[in-house]
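No value in this document is a laboratory result; all are computed from the given coordinates. A quick note: this is a predicted structure, and the numbers were derived from the prediction, not measured. Cβ atoms come from the backbone with ideal geometry, glycine included; neighbour counts cover every protein chain shown.
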Amino acid sequence: QVQLQESGPGLVKPSQTLSLTCTVSGGSITTNYYYWSWIRQPPGKGLEWMGAISYSGSTYYSPSLKSRTSISRDTSKNQFTLQLSSVTPEDTAVYYCARRRLSPAQILTAQAMGVMKEYDYWGQGTQVTVSS
C-alpha cells in the first residue's frame, strides 16, 4: 500500500517561498512510469495541477505557475519537494501530493495531468495560508 504524507509550514508570509515535502512509503518514487504531482485546492475552487516529477527525475509544470514553481526529489529519503516562490494570499489552499502512472506512449501535457481521476494515491492534504 502506497502512502503519501505532506509536511511543511501551515502559514507563509506574502512574497516568501512556500516549501512542502511529500514523503512516500510503500513504493519507490523511482519506479518506472510513475509521476509524482503537486495539486492544490484554493477555498471554494476546484483542484489545480501544479507540476510533477517523474520516476527518472524529469520535471513538468503548469504553464500558469511555471515561473514560480520548482519540484525536486531526494531519492535516498523517497521524498519530493515543492517550492512556490513569491506567494500571495491567492496561493492559500490545501496542497496535495499524488501519484499517477503514464504509459511510455502517453504524452504528458498539463491537461492530461489535470485529470484527477487518474491519480491512484493521494496524501491527506495540508492547509497552507498566505498571510502577514
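What to note about this one:
- Per the Debye calculation on the chain with a single equal scatterer at every Cα and no solvent contribution, log₁₀ I(q)/I(0) for q = 0.09, 0.16, 0.21 Å⁻¹ amounts to -0.23, -0.74, -1.29.
- Cβ crowding within 10 Å averaged over residues, with 103-110, 10-17, 57-64 ranked highest first: 57-64, 10-17, 103-110
- For the chain, the relative contact order is 35 percent, taking Cα pairs closer than 8 Å that sit 6 or more residues apart in sequence and dividing their mean separation by the residue count.
- Each Lys and Arg contributes +1 and each Asp and Glu -1, all at the Cβ; summed about the Cα centre of the chain, the dipole is approximately 100 debye.
- Peptides 34-47, 65-78 ordered by packing proxy, namely the average of other Cβ atoms within 10 Å per residue, highest first: 34-47, 65-78.
- Helical contribution to [θ] at 222 nm, DSSP H n ≥ 4, -39,500 (n - 2.57), averaged over the chain, rounded to 500: -500 deg cm²/dmol
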